[in-house]
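Visitor: I have a structure I would like to understand better, so I am pasting it below and will then ask my questions one at a time.
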Amino acid sequence: MYIFLIGSILAITLAWKSHHFSDNIQQQLLVFLAVLFPLSELVKQILLFINNDCTYDWWYFPFQLCSIPMYLLPLYCLLSEKFLDLRKVLANFMVDFGLLGGIFAFADTSGMHYDLPVLTLHSYLWHFLLIYLGFFLIFTQRNSSLPKDFLLPGTLFLLLVGIATLLNMALHTKGLINMFYVSPYYHMQQIVFADIALVTGQTTGRLIYLASELLGAFLIHLGSIMFHPLKS
């Protein structure tokens with residue numbers, strides 16, 4: 001808990017400091033993160049491969065909710081102002097669902113610990129960077145907090161859940177894989193929702209889990225409006 005509080009306060013403070021930078025430096029920061037996320041993930045995958053006797057472990061395939069900004073941020077940086085509406089959708093997703101994943105991953109940190117200490121450190125820093133990125137996008141008003149503007153990020157989330165489900169079904173014979181934690185081949189593992197699924201059944205439990213993610217992201221979306229007047 002202390003690590004989460006200290007790391008989150010530091011991430012939010014740095015995001016606040018960063019929003020005072022010039023637009024050019026802000027863009028450079030985003031480009032830096034757009035390179036850092038996939039590069040660090042590549043190093044992580046290589047280390048996992050080596051540590052697993054040079055056999056790929058599909059459990060660590062990078063397609064969880066917390067992995068998605070790694071794909072979206074480079075796209076966001078590459079899009080010109082001509083695609084402002086699409087950039088806004090991507091920013092909204094990285095705020096709404098990026099913060100959701102970055103924050104609530106600390107409710108159960110068991111999945112953030114690895115045999116290699118450097119990968120545990122990477123996991124913690126990754127989630128703190130998600131918190132930094134989300135608040136940075138809020139403070140610089142790159143997102144939108146209008147209720148109607150949650151529709152497309154929410155739709156994108158459901159699309160990604162669909163892709164995750166296809167990956168779970170297509171690759172489950174190759175090893176353990178549970179993208180977005182919605183694989184039909186495993187019981188729910190997320191804290192609280194695992195207990196709910198025992199009562200409601202696994203399928204209903206997964207639906208409640210997904211609905212809760214949507215609700216949580218929507219509340220974050222609405223809550224970001226209080227920060228919009230802060231830019232000066």
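The values are calculated or read from the model by the stated rules, or taken from the named source; none is laboratory data. Here the structure is a predicted model, which is why all the values come from computation and not from measurement. Please note: Cβ atoms are built from the backbone with ideal geometry, for glycine as well, and neighbour counts cover all protein chains shown. Surface accessibility is based on the protein's heavy atoms, side chains included, excluding ligands, DNA and RNA. Shrake-Rupley method; radii C 1.70, N 1.55, O 1.52, S 1.80 Å.
Visitor: I need the calculated FRET efficiency for the pair Ile6 and Phe32, taking r as the beta carbon distance and R₀ as 30 Å, to the nearest 0.05. Walk me through the intermediate numbers first.
Guide: Working: r = 23 Å, r/R0 = 0.76.
Calculated value: 0.85.
Visitor: Could you tell me what percent of the accessible area of the chain is made up of carbon and sulfur, with a 1.4 Å probe and every protein chain present? All intermediate terms of the calculation are to be shown ahead of the outcome.
Guide: Working: 8830 of 12130 Å².
Of the solvent-accessible surface of the chain, carbon and sulfur hold 73 percent.
Visitor: Express in Å², to the nearest 10, the accessible area of Ile225 obtained by rolling a 1.4 Å probe over the protein heavy atoms while all chains stay in place.
Guide: We get 100 Å² for Ile225.
Visitor: Between the helical axis of 117-139 and the dominant principal axis of the chain, each derived from Cα atoms, what acute angle in degrees is found, rounded to the nearest 10?
Guide: On a 0 to 90 degree scale, this one is about 40.
Visitor: Just the Kirkwood number for the stretch 99-148, please: inverse of mean 1/r across all distinct Cα pairs, in Å, one decimal.
Guide: On the way: mean 1/r = 0.0825 Å⁻¹.
Averaging 1/r across every pair of different Cα atoms and inverting gives 12.1 Å.
Visitor: To the nearest 500 deg cm²/dmol, what mean residue ellipticity at 222 nm is calculated for the chain from DSSP H runs of n ≥ 4 alone, each contributing -39,500 (n - 2.57), summed and divided by the residues? Could the numbers behind the result be given before it?
Guide: Values: 8 runs with 152 residues, N = 232.
Result for the chain: -22500 deg cm²/dmol, rounded to the nearest 500.
Visitor: Leaving out ligands and nucleic acids, and using a 1.4 Å probe, what accessible area per residue does the chain come to in Å²?
Guide: On a per-residue basis, 52 Å².
Visitor: Let me ask you something else. Pull out the extension gain between Leu84 and Leu152, defined as 0.36 nm times the separation in residues minus the alpha carbon to alpha carbon distance; nm, one decimal. Intermediate results must be reported in sequence, preceding the final value.
Guide: Details: separation 68, 0.36 × 68 = 24.48 nm, distance 1.40 nm.
The span from Leu84 to Leu152 would gain 23.1 nm if fully extended.
Visitor: Here's another thing I want to ask about it. Relative to the first principal axis of the alpha-carbon coordinates of the chain, what is the inclination of helix 2-18, with its axis defined by its Cα atoms, in degrees from 0 to 90 and to the nearest 10?
Guide: 30
Visitor: Rounded to the nearest angstrom and ordered from largest down, what semi-axes does the equivalent ellipsoid of the stretch 1-105 get from its C-alpha gyration tensor (root of 5λ)?
Guide: Details: eigenvalues 143, 72, 38 Å².
Rounded to whole Å, the semi-axes are 27, 19, 14.
Visitor: Run the Debye formula on the Cα coordinates of the stretch 58-168, all scatterers equal and no solvent, and tell me log10 I(q)/I(0) at q = 0.15, 0.17, 0.18, 0.22 1/Å.
Guide: For the requested q values the scattering log ratios are -0.68, -0.86, -0.95, -1.29.
Visitor: Let me ask something else. Explain nothing, just the number: relative contact order of the stretch 154-230, from Cα pairs under 8 Å at least 6 residues apart, as a whole percent. Let's see the in-between values first.
Guide: Numbers: 45 pairs, mean separation 13.4, N = 77.
Reported relative contact order: 17 percent.
Visitor: Hey, another quick one. Based on alpha-carbon centroids, what's the gap between the stretch 1-44 and the stretch 153-232 in Å, whole number please?
Guide: Rounded to whole Å, the Cα centres lie 24 Å apart.
Visitor: Okay, next question. Given 37 °C and 0.692 mPa s, compute D for the chain with the Stokes-Einstein relation, Rh being the Kirkwood radius over Cα pairs; round to the nearest whole µm²/s. Mind dumping the intermediate values first?
Guide: Values: Rh = 18.5 Å.
The estimated diffusion coefficient comes to 177 µm²/s.
Visitor: Step by step: find N for the stretch 167-214, compute 2.2 N^0.38 Å, then divide the Cα radius of gyration by it. What's the final number?
Guide: Working: Rg = 10.8 Å, N = 48, 2.2 N^0.38 = 9.6 Å.
So the Cα radius of gyration is 1.12 times the expected 2.2 N^0.38 Å.
Visitor: Could you tell me the calculated FRET efficiency between Leu219 and Thr173, based on Cβ-Cβ distance and R0 = 35 angstrom, to the nearest 0.05? Display every interim value, and only then the final one.
Guide: Details: r = 38 Å, r/R0 = 1.09.
It comes to 0.35.
Visitor: Please calculate the 1.4 Å probe accessible area of Tyr181, with all protein chains present, and give it to the nearest 10 Å².
Guide: We get 70 Å² for Tyr181.
Visitor: To the nearest µm²/s, what D does Stokes-Einstein give for the stretch 112-232 at 10 °C and 1.306 mPa s, using the Kirkwood radius over alpha carbon pairs as Rh? Mind showing how you got there, number by number?
Guide: On the way: Rh = 16.7 Å.
The calculation lands on 95 µm²/s.
Visitor: Moving on. Would you list Val192, Val89 from the most to the least accessible area, probe 1.4 Å?
Guide: Details: Val192 85, Val89 30 Å².
The ordering from most to least exposed comes out as Val192, Val89.
Visitor: Moving to a separate point now. Taking Cα atoms, how many degrees apart are the long axis of helix 202-223 and the longest axis of the chain, rounded to 10 and kept between 0 and 90?
Guide: Helix 202-223 and the main axis of the chain meet at about 10 degrees.
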